[in-house]
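The values are calculated or read from the model by the stated rules, or taken from the named source; none is laboratory data. Since we're looking at a predicted model, the values are computed, not measured. With ideal geometry, Cβ positions are generated from the backbone for all residues, glycine too; neighbour counts draw on all protein chains shown.
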Amino acid sequence: MPAFRPDDPIRAEMELKSLPRGSAVADVARQMTTLIAGGTFPAGSRLPPERQLAESLGVGRSAVREALAALEILGLVTVRPGSGTYIRDSTSELLPTTLSWGLMLSAEHTAQLSEVRSALEVRAAVLAARRVSDDDLKNLRGHLEAMEANTGDLHTFIEADAAFHLQLAAAAGNEVMGDLLQTVRSLLRVWVERGLRSTDQALTACREHRAVYEALAAGDEAAAGAAMDVHMRTAGDRVEHAGESPAEDG
């Protein structure tokens with residue numbers, strides 16, 4: 001498997017351009033995707049270490065780390081603990097198009113993607129209220145209870161939150177909608193995780209998810225759509241402010 005070697009003519013150093021101050025994660029990810037799509041880093045090769053990438057780009061290692069996490073979610077790279085970050089051997093044919101949209105790489109497109117997710121989630125809730133089964137409700141309740149039990153453990157909370165939405169999409173009975181939602185959620189995942197930063201926010205999310213669940217259990221399509229719309233407005237606001245420091249939350 002080809003790998004980056006420090007004793008090579010430093011091709012990566014020649015290709016990576018120092019970024020202006022303040023561009024951070026988005027521009028790191030954008031430049032890396034351009035290099036990967038252009039074949040500078042061939043499939044199966046190992047990327048330079050975080051430290052070297054940070055020095056080449058003139059940014060902090062944390063910005064490089066977050067950008068690589070975004071690229072892993074997109075399916076461009078895979079991180080092997082103790083070994084390094086490698087270019088995936090194969091990627092979806094849709095990936096170049098996704099990258100060309102700049103999804104996850106700008107505040108404007110992230111906000112637009114959040115709006116798309118909101119519309120899909122609300123419609124999924126309406127359909128789920130019409131089609132939900134007893135097994136669906138049992139699983140949804142289990143995910144909701146896991147959320148409520150882990151408001152102080154945000155990592156576990158986020159996993160239960162995602163499972164709730166996946167189960168709701170399945171209950172909607174529309175595979176195409178479910179696939180679209182999964183793609184959108186994957187693209188937004190970094191920003192969703194960065195946006196949820198406190199127990200109070202988790203408690204609010206619990207109340208909103210319970211309202212959705214109760215509407216589904218009652219088979220009330222209008223209430224389910226309205227409850228999901230409220231939740232999506234709150235979630236969208238968190239995504240919008242995900243890049244701010246806690247002191248900026250207001």
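A compact table of results
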| read-out | value |
| --- | --- |
| Matching option when the condition is modelled with pLDDT under 90, hydrophobic (A, V, I, L, M, F, W, C) and out of contact with any Leu (no Cβ under 8 Å at 6 or more places or on another chain), among 146, 107, 119 | 107 |
| Residue match in the stretch 120-138 (condition: in contact (Cβ under 8 Å) with a residue 40 or more places away in the chain and within 19 Å of residue 193 (Cβ to Cβ)) | yes |
| Every residue from the stretch 218-239 that is surrounded by fewer than 17 Cβ atoms within 10 Å (Cβ to Cβ) and under 18 Å from residue 148 (Cα atoms) | 234 |
| Qualifying positions in the stretch 28-42 - outside any loop (DSSP other than H, G, I, E, B) and at pLDDT 80 or above | 28, 29, 31, 32 |
| Residue pairs meeting the criteria (Cβ under 7 Å; at least 6 apart or on separate chains; first farther than 16 Å from residue 144 by Cβ, in the stretch 188-214; second not in a helix (DSSP H, G or I)) | 190/104; 191/242; 194/242; 195/241; 195/242; 199/151; 199/152 |
